[in-house]
Amino acid sequence: MKYNPDIHHRRSIRLKNYDYSQAGLYFVTICVNNRLSLFGQIVNGEMLLNDAGKMIEKWWFEMACKFGQLALHEFVVMPNHFHGIIEIVGADLRVCPAMNETPIVEVEVVRMEGAHAGAPLHEIVQWFKTMTTNEYIRNVRQNHWQPFENKLWQRNYHEHIIRNETAYVKIAEYVQTNPQKWHDDCYF
């Protein structure tokens, strides 16, 4: 079906006028398209990663090398989705800066060769999705990983701006205990 702006309204799920490249903590969830369980399985409340799940984990850590302004916090690879907390450096763990506030402390970010300093969250997530998709496709061809239809990841991703330490602790616990609660998870 051809795009028709009168009936195809894609509403952004991002916070309007928020600068997603500013220092802060962001909770991100990325789901596999059609919620296929491609990355392993939950056994007795523990996530057992298959090779595809280990590949997802590898690219999570590579993100910090590619984007020099990141600090990676808690994360979990689940059978059909991924949760992670990304910090854009300079954030105070107690608060997420307001849109119109000037930061009190300036943080000098050292640019790494090939790094994307100052990249907004959507570019960071897009890079992660691209790299994992490309490697997954190679392994479907070379190592007979379970194929997927059309695309590996769902369009877009879920994000939540972590605004204070209480929210951080609650979200970090949710990420850490996600495998134990798999049967109650909305992505199960």
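Nothing in this text is a laboratory measurement; each read-out follows from the coordinates by a stated rule. What you are looking at is a predicted structure, and each value in this text was computed from that prediction instead of being measured. Using ideal geometry, Cβ is built from the backbone for each residue, glycine included, and neighbour counts are taken over all protein chains shown.
Going from the fewest other Cβ atoms within 10 Å to the most, the residues 159, 149 appear in the order 149, 159.
Ranked from highest to lowest mean number of other Cβ atoms within 10 Å per residue, what is the order of the peptides 65-73, 139-147? Don't skip to the end; give the middle numbers.
On the way: 65-73: 17.2, 139-147: 11.8.
Peptide ranking by packing, descending: 65-73, 139-147.
Here the residues 132, 29, ranked from fewest to most Cβ neighbours within 10 Å of their Cβ, fall in the order 29, 132.
Using the Cβ-Cβ distance between residue 170 and residue 48 with R0 = 22 Å, the FRET efficiency computed as 1/(1 + (r/R0)^6) comes to roughly 0.25.
Pairs with C-alpha atoms separated by more than 24 Å, drawn from the list 58/151; 66/181; 58/129; 129/170, are 66/181; 129/170. Among 49, 152, 38, sorting on how many other beta-carbon atoms sit within 10 Å of each Cβ, with the fewest leading, yields 49, 38, 152.
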